[in-house]
1. Just to be sure I understand the filter: pairs with C-beta atoms under 8 Å, separated by 6 or more residues or on different chains, first member in the stretch 141-153 and without any contact (Cβ under 8 Å) to a residue 60 or more places away in the chain, second member acidic (Asp, Glu). Which pairs pass?
2. I need the full set of residues from the stretch 85-108 which are in contact with a Gly (Cβ under 8 Å, 6 or more places away or on another chain) and open to solvent by less than 10 Å² (accessible area, probe 1.4 Å), in order please.
3. Would you confirm whether or not the stretch 52-68 contains a residue that is in contact with a Pro (Cβ under 9 Å, 6 or more places away or on another chain) and closer than 21 Å to VAL98 by Cα?
4. So ILE178 ticks every box in (1) under 13 Å from the mean Cα position of the chain (by Cα); (2) farther than 20 Å from GLY82 by Cβ but one. Which box is left unticked?
5. Hand me the list of helices (runs of 4 or more DSSP H) wholly inside the stretch 116-180 holding 1 or more residues that are under 20 Å from GLU104 (Cβ atoms) and open to solvent by less than 30 Å² (accessible area, probe 1.4 Å).
6. Taking the stretch 51-79, which residues are free of Cβ contacts under 8 Å to residues at least 40 places away in the same chain and surrounded by 15 or more Cβ atoms within 10 Å (Cβ to Cβ)?
7. Which of the residues spanning the stretch 13-48 are open to solvent by 60 Å² or more (accessible area, probe 1.4 Å) and touching a residue at least 60 places away in the same chain (Cβ under 8 Å)?
8. Within the stretch 131-143, can one find any residue that is within 21 Å of THR14 (Cβ to Cβ), within 14 Å of the chain's Cα centre (by Cα) and not aromatic (Phe, Trp, Tyr)?
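The values are calculated or read from the model by the stated rules, or taken from the named source; none is laboratory data. Only a predicted model underlies this, so the values are computations on that prediction, with no experimental measurement involved. In this analysis, Cβ positions are derived from the backbone assuming ideal geometry, glycine residues included, and neighbour counts consider all displayed protein chains. Heads up: the accessible areas ignore ligands, DNA and RNA and are worked out on the full protein's heavy atoms, side chains in. Shrake-Rupley method; radii C 1.70, N 1.55, O 1.52, S 1.80 Å.
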Amino acid sequence: MGKILAFAGSNSKTSINYELVKFVSDQLIEEEVKLIKLTNYDLPMYNINNEEDNGFPPVLDLLYREIKDAKALIISVNEHNGMISSFFKNVLDWLSRVDRNFLEGKKVLLMSTSTGPGAASLARTYVEAAIERYKGEVVSSFGFPSFTDNFDLEKQEITNETLLLGVKDTLSNFQQEIAE
């Protein structure tokens, strides 16, 4: 069957995208999900000179293997000024240098959240295109608006019934896609 690898594209200690990906991972009780924090893979800012002088950071191979060994991915991305965070862009840059098609054959549930009604949709759109560029396939996607108004951090639950039903429907679709 294989595991699903889940992570947020944020390096914030209080990342709402991490909270969302953790919540979603916990809902997949019939699946083996490995939730990781990308901050545990300390990658320097990418530049070609660093790569030529020092090669790939050893921790990069660990992250690359985690992705390659997974049957599918759950990714939640944050937005900084209408774009993905420089932290997550850096992770993608390094991974694409190891293998341009590092997501080949991977089915992805892509999501995003923010404190506002836009739900980081611009970042999600960018990452969706990047996933396809790296040969992955986004099989389900959603934006979770106004996180602090619709999610109870203490109880670890979605408080908006409509959003909860939408998330459950998206997860059901994702599970059907990865079962094929």
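1. SER141/GLU128
2. Passing the criteria: SER85, PHE88, VAL91, LEU103, VAL108.
3. Within the stretch 52-68, the first condition is being in contact with a Pro (Cβ under 9 Å, 6 or more places away or on another chain), and the residues that meet it are 54, 57.
Next, from what is left, pick out any that are closer than 21 Å to VAL98 by Cα: 54, 57.
There is at least one residue in the stretch 52-68 that is in contact with a Pro (Cβ under 9 Å, 6 or more places away or on another chain) and closer than 21 Å to VAL98 by Cα.
4. Just one mismatch for ILE178, condition (1).
5. Values: elements: 121-133, 147-150, 161-179.
Of the helices (runs of 4 or more DSSP H) lying wholly inside the stretch 116-180, those with at least 1 residues that are under 20 Å from GLU104 (Cβ atoms) and open to solvent by less than 30 Å² (accessible area, probe 1.4 Å) span 121-133, 161-179.
6. So the first thing to find is which residues in the stretch 51-79 are free of Cβ contacts under 8 Å to residues at least 40 places away in the same chain, and the list is 52-55, 57-65, 68.
Across the stretch 51-79, the qualifying residues are PRO57, LEU60, LEU63, TYR64, LYS68.
7. Result: ASP26, GLN27, GLU30.
8. Keep residues of the stretch 131-143 that are within 21 Å of THR14 (Cβ to Cβ), which gives 143.
Next cut, within 14 Å of the chain's Cα centre (by Cα) only: 143.
If we keep only those that are not aromatic (Phe, Trp, Tyr) too, we end up with 143.
Yes, the conditions are met somewhere in the stretch 131-143.
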